[in-house]
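Engineer: So that we are looking at the same thing, I have put the structure below in C-alpha cells.
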Amino acid sequence: MLVAAGDRDGYNMMTASWGFTGEMWGEDCAIAVVRPQRYTIEFLNSNDMFTLSFYGSAGKEIHKICGSKSGRDTDKAAETGLKPVFESGTVYFEQAELVLICKKQFVQPMKKESFVDSEPLRWYPKEDYHTMFIGKIEKVLIKA
C-alpha cells in the first residue's frame, strides 16, 4: 500500500506493508506505522487526514519507487506517473484500486520499554521505532 498525507501545497507518499484494519472505539479504523526518518511522517504529523491506497499487481513499480526514494529528493508522482487527487483534506492517487480515507485519531511513537517480548526488537537495530497512526476510516473508494 501507499501511505499518503498532505494537500495541494505539499504531500508525500511512501510504500508500506505493515499496518492493519479493524474496529477501535466503536469505529472502523486503519493503523499505519511509519519510521521517524521517513519524509511522509512530517505530512502525517501536520495533517488531520491520511490515505492508504492499494494498486494490485500493477503497483509493483510504484511500490518500488515509493519505497526506495525519498520525496525530499524526488518527485515520486512524476517518476511513477501517479496522478494526485485531493479530497477530504488529503491526497490519494487516481490509479489506486482501493483507497481508505482516514481521519487521524491517535498517534503514538513506539518505545523500546513498551515491548514485552524482545523478539520484535530485531527489526530495530538502529532503535528507529515506528510511530503508530490510528485513523478512523471516513470513506472507502473502490475502482469498478
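The values are calculated or read from the model by the stated rules, or taken from the named source; none is laboratory data. Values in this document were obtained by computation on a predicted structure and should not be read as measured data. Heads up, the Cβs are rebuilt from the backbone with ideal geometry, glycines too, and the neighbour counts pull from every protein chain shown. For accessibility, only protein heavy atoms count, side chains too; no ligands or nucleic acids. Shrake-Rupley method; radii C 1.70, N 1.55, O 1.52, S 1.80 Å.
Engineer: Could you check Leu121 against (1) modelled with pLDDT under 95; (2) surrounded by 12 or more Cβ atoms within 10 Å (Cβ to Cβ) and say which number it fails?
Structural biologist: Only one criterion in (1) modelled with pLDDT under 95; (2) surrounded by 12 or more Cβ atoms within 10 Å (Cβ to Cβ) is unmet by Leu121, namely (1).
Engineer: Pairs needed: first member in segment 104-115, farther than 21 Å from Cys29 by Cβ; second member anywhere, open to solvent by 80 Å² or more (accessible area, probe 1.4 Å); C-beta distance under 8 Å; at least 6 residues apart or different chains.
Structural biologist: Partner pairs satisfying both residue conditions: Lys112/Glu127.
Engineer: Additional query: How many residues does segment 4-41 hold that are in contact (Cβ under 8 Å) with a residue 40 or more places away in the chain, open to solvent by less than 70 Å² (accessible area, probe 1.4 Å) and of a type in the set (Phe, Trp, Tyr)?
Structural biologist: 1
Engineer: If you go through segment 69-81, how many residues are surrounded by 13 or more Cβ atoms within 10 Å (Cβ to Cβ) and assigned to a helix (DSSP H, G or I)?
Structural biologist: Adding up the residues that qualify gives 4.
Engineer: Is there a residue in segment 13-27 that is in contact with a strand residue (DSSP E or B) (Cβ under 9 Å, 6 or more places away or on another chain) and farther than 18 Å from Val99 by Cα? Break it down into steps so the answer makes sense when it comes.
Structural biologist: Of all residues in segment 13-27, those in contact with a strand residue (DSSP E or B) (Cβ under 9 Å, 6 or more places away or on another chain) come to 13-16, 18-25, 27.
If we keep only those that are farther than 18 Å from Val99 by Cα as well, we get 24-25.
Yes.
Engineer: Could you run through segment 105-121 and say how many residues are assigned to a strand (DSSP E or B) and either of a type in the set (A, V, I, L, M) or under 24 Å from Ile62 (Cβ atoms) (or both)?
Structural biologist: Summing the residues that are assigned to a strand (DSSP E or B) and either of a type in the set (A, V, I, L, M) or under 24 Å from Ile62 (Cβ atoms) (or both) in segment 105-121 gives 1.
Engineer: Continuing with the same structure: Of the residues Phe106, Phe50, Phe54, which single one is in contact with an Asp or Glu (Cβ under 9 Å, 6 or more places away or on another chain) and modelled with pLDDT of 95 or more?
Structural biologist: Unique residue meeting the criteria: Phe54.
Engineer: Can I ask one more? Which condition breaks for Cys66 when tested against (1) open to solvent by less than 60 Å² (accessible area, probe 1.4 Å); (2) at pLDDT 95 or above?
Structural biologist: (2)
Engineer: Go through the residues of segment 88-106 one by one and say whether even a single one is touching a His at 6+ places or on another chain (Cβ under 9 Å) and open to solvent by less than 40 Å² (accessible area, probe 1.4 Å).
Structural biologist: no
Engineer: Take Ile134 and tell me if it is within 16 Å of Trp18 (Cβ to Cβ), in contact with a strand residue (DSSP E or B) (Cβ under 7 Å, 6 or more places away or on another chain), at pLDDT 95 or above and open to solvent by less than 60 Å² (accessible area, probe 1.4 Å).
Structural biologist: In short, yes.
Engineer: Could you tell me whether segment 36-52 includes any residue that is in a strand (DSSP E or B), more than 15 Å from Ile134 (Cα to Cα) and either out of contact with any strand residue (DSSP E or B) (no Cβ under 6 Å at 6 or more places or on another chain) or not acidic (Asp, Glu) (or both)? Walk me through how you get there before you give the answer.
Structural biologist: Narrowing segment 36-52 to residues in a strand (DSSP E or B): 49-52.
Checking the rest, the ones that are also more than 15 Å from Ile134 (Cα to Cα) come to none.
No, there is no match, as no residue in segment 36-52 is in a strand (DSSP E or B), more than 15 Å from Ile134 (Cα to Cα) and either out of contact with any strand residue (DSSP E or B) (no Cβ under 6 Å at 6 or more places or on another chain) or not acidic (Asp, Glu) (or both).
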